[in-house]
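Working notes, beginning with the structure itself.
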RNA sequence: GGGCCAUUAGCUCAAGUGGUAGAGCAGUGGAUUCUUAAUCCAUUGGCUCCAGGUUCGAGUCCUGGAUGGCCCA
């Protein structure tokens, strides 16, 4: 009687006995409506309000005209004569005594299993312990569950099972459901902010014939009728900028993007990206806008989901630093000298002056390389230009210590930081700086040490863009299998004239992780990718 | 891709140095019926992830594999 099959059979037998009583195990005859929904919501919120519950009548103080209220949802616990019913708004309990029910309802109640969906109706009362309960005068079976729910006290803890059976995770662990409600609020809040600034939300293709907008490996697919090889997009960027050419001066898209790469606590093969493009603005303007946007979203989340937003290691109200990439390297060297961050082979061999001296920098890199781990060596060995080396040194030396380097004035929390002035070689779509064309007008935003955003003033010189694409092709010949394709139609679009503009991209999943204190991207994805279960 | 860890009843977890695999919850039968992880009595339930190996004897040790987690890349 206790293997899974036997537990299921026990419940199937009860379903059969329901039929004998003339009750369908899976009925769909009882319908909700806005009024009932509102009554249920109000009831559940009332149940959580101790003071308000104190004003409810006891069972024996009820008057005949006491209004009956509906409570419907999943039964998650039985305690004495009480049922605890879970709803999207929270839990509330019902006092179900057979002698208050019709003979038929009492018979149906006997066939209740935990996790079944039910409806009770009756007056709201105060129990002897001061809690709210719906004193059931009516009981209806609304839906059978054939599998037993997880233990009511411990919930579902097995991480693999939680991801594979998210439907159970969500009803058994209310805190998990809360994260996903917060996620939806965050996306709504982003939309609201951009809509208010006059941005137009658009949808661009997920099926691409060439890869562009990012350097990443794509998923391959195929269209049969056209006999056409396609890839799932790795970024929406080039389509959105075509829309700038078309005259939509402010556009954004929030949508799924696909990169055929490894899975980790920060990476899922499909993830949600926000990109927006704004004509007649620079990357400098976007930094101001982004501070406002993320603070506004955070404010919305904190109001509704205070339980998720406490205890942070970073402070969004702090000044958001703006540091040029080469100065960030210099800061790292200087702080190591002051003992604020660890010494490394780099901090021994590099000097501030060398960062601005191509030859000295290359010499230092070559000297340091043998002291690094194999992956870092590999990354350095792929660098052929000064710019590539600067970027590699930033990633290897600075990025891991950003949280330690840039702090709030009292040092208690990390401050958000914009890293600016990226080398042109690692920025194939960004506009060159007017004063120093070997660098581009670009920034990446790091909060709590995590890369959240990438943005730049847009390259709208079609000849320069064509050269950048050529450079990408040369990288591919050198063995870089993430390099972009040459997008001739995009060059044609730019040739028609794109207004000066700046664009911004944000990993939405990572923003949710950050704002809701979730350590893994899988905790903010309803159905993260897992290997299929074996038969 | 590499390292470490985990996998035992439907769920949550126990089972020195190898010696008959157990508890709570859920389930079943009964009692009780204003409980807050309801309580009380009784009770069912196991291919210990898989495949080999060592051993008189393996949940435990060894080898290989599967899945997941964490860290590194």
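Could you please let me know if residue A:385 is surrounded by fewer than 19 Cβ atoms within 10 Å (Cβ to Cβ) and under 30 Å from residue A:241 (Cβ atoms)?
The answer is yes for residue A:385.
So how many residues does the range A:285-317 have that are touching a residue at least 24 places away in the same chain (Cβ under 8 Å) and either over 21 Å from residue A:409 (Cα atoms) or surrounded by 18 or more Cβ atoms within 10 Å (Cβ to Cβ) (or both)?
Of the residues in that region, 20 qualify.
Of all the helices (runs of 4 or more DSSP H) wholly in the range A:351-409, which have at least 1 residues that are over 30 Å from residue A:312 (Cβ atoms)?
The qualifying helices (runs of 4 or more DSSP H) are A:352-355, A:358-368, A:374-381, A:386-393.
Within the range A:80-105, track down each residue that is in a helix (DSSP H, G or I), under 17 Å from residue A:140 (Cβ atoms) and within 12 Å of RNA strand B (Cβ to nearest atom).
Hits for the range A:80-105 are A:98, A:100.
If you check A:522, A:510, which single one turns out to be assigned by TED's automatic domain parsing to the domain that holds residue A:181 and closer than 18 Å to residue A:275 by Cα?
Of the residues listed, the single one that is assigned by TED's automatic domain parsing to the domain that holds residue A:181 and closer than 18 Å to residue A:275 by Cα is A:510.
Can you tell me which of A:6, A:50, A:59 is within 15 Å of RNA strand B (Cβ to nearest atom), over 24 Å from residue A:180 (Cα atoms) and surrounded by 15 or more Cβ atoms within 10 Å (Cβ to Cβ)?
A:59
Checking residue A:517 against (1) at negative phi; (2) within 16 Å of RNA strand B (Cβ to nearest atom); (3) under 27 Å from the mean Cα position of the chain (by Cα), which test does it fail?
(1) is the only condition that residue A:517 fails.
Tally time: how many residues in the range A:89-98 are surrounded by fewer than 19 Cβ atoms within 10 Å (Cβ to Cβ) and out of contact with any helix residue (DSSP H, G or I) (no Cβ under 8 Å at 6 or more places or on another chain)?
Of the residues in the range A:89-98, 1 are surrounded by fewer than 19 Cβ atoms within 10 Å (Cβ to Cβ) and out of contact with any helix residue (DSSP H, G or I) (no Cβ under 8 Å at 6 or more places or on another chain).
Going residue by residue through the range A:24-46, is there one that turns out to be closer than 30 Å to residue A:151 by Cα and either within 11 Å of RNA strand B (Cβ to nearest atom) or over 41 Å from the mean Cα position of the chain (by Cα) (or both)?
No, the range A:24-46 has no match at all.
Examine the range A:343-360 for a residue that is closer than 17 Å to residue A:394 by Cβ, surrounded by fewer than 19 Cβ atoms within 10 Å (Cβ to Cβ) and in contact (Cβ under 8 Å) with a residue 60 or more places away in the chain, and state whether such a residue exists.
no
When you look at residue A:214, is it in a loop (DSSP other than H, G, I, E, B), touching a strand residue (DSSP E or B) at 6+ places or on another chain (Cβ under 9 Å), buried (at least 17 other Cβ atoms within 10 Å of the Cβ) and at pLDDT 95 or above, yes or no?
no
Which condition does residue A:143 not pass, out of (1) near RNA strand B (Cβ under 10 Å from one of its atoms); (2) over 30 Å from residue A:510 (Cα atoms); (3) under 41 Å from the mean Cα position of the chain (by Cα), if it passes all the others?
(1)
Has the range A:466-479 got any residue that is in a helix (DSSP H, G or I), in contact with a helix residue (DSSP H, G or I) (Cβ under 7 Å, 6 or more places away or on another chain) and under 30 Å from residue A:335 (Cβ atoms)?
Within the range A:466-479 (the criterion being in a helix (DSSP H, G or I), in contact with a helix residue (DSSP H, G or I) (Cβ under 7 Å, 6 or more places away or on another chain) and under 30 Å from residue A:335 (Cβ atoms)), the answer is no, since none of the residues qualifies.
Being closer than 27 Å to residue A:175 by Cα and within 11 Å of RNA strand B (Cβ to nearest atom) is the filter; apply it to the range A:106-125 and report the residue that is farthest from the chain's Cα centre (by Cα).
So the residue we want is A:112.
Mind checking which pairs have a first residue in the range A:52-70 that is under 10 Å from residue A:125 (Cβ atoms) and at pLDDT below 95 and a second that is part of a helix (DSSP H, G or I) and more than 13 Å from RNA strand B (Cβ to nearest atom), Cβ under 6 Å, 6 or more apart or different chains?
Within 6 Å, no pair qualifies.
Within the range A:146-162, take every residue that is within 6 Å of RNA strand B (Cβ to nearest atom) and in contact (Cβ under 8 Å) with a residue 24 or more places away in the chain and give me the one that is farthest from residue A:18 (Cα to Cα).
If we take residues in the range A:146-162 being within 6 Å of RNA strand B (Cβ to nearest atom) and in contact (Cβ under 8 Å) with a residue 24 or more places away in the chain, then A:160 is farthest from residue A:18 (Cα to Cα).
The values are calculated or read from the model by the stated rules, or taken from the named source; none is laboratory data. This structure is a prediction, so every number in the text was calculated from the model and none was measured. Cβ: placed from backbone, ideal geometry, glycine included. Neighbour counts: every protein chain shown.
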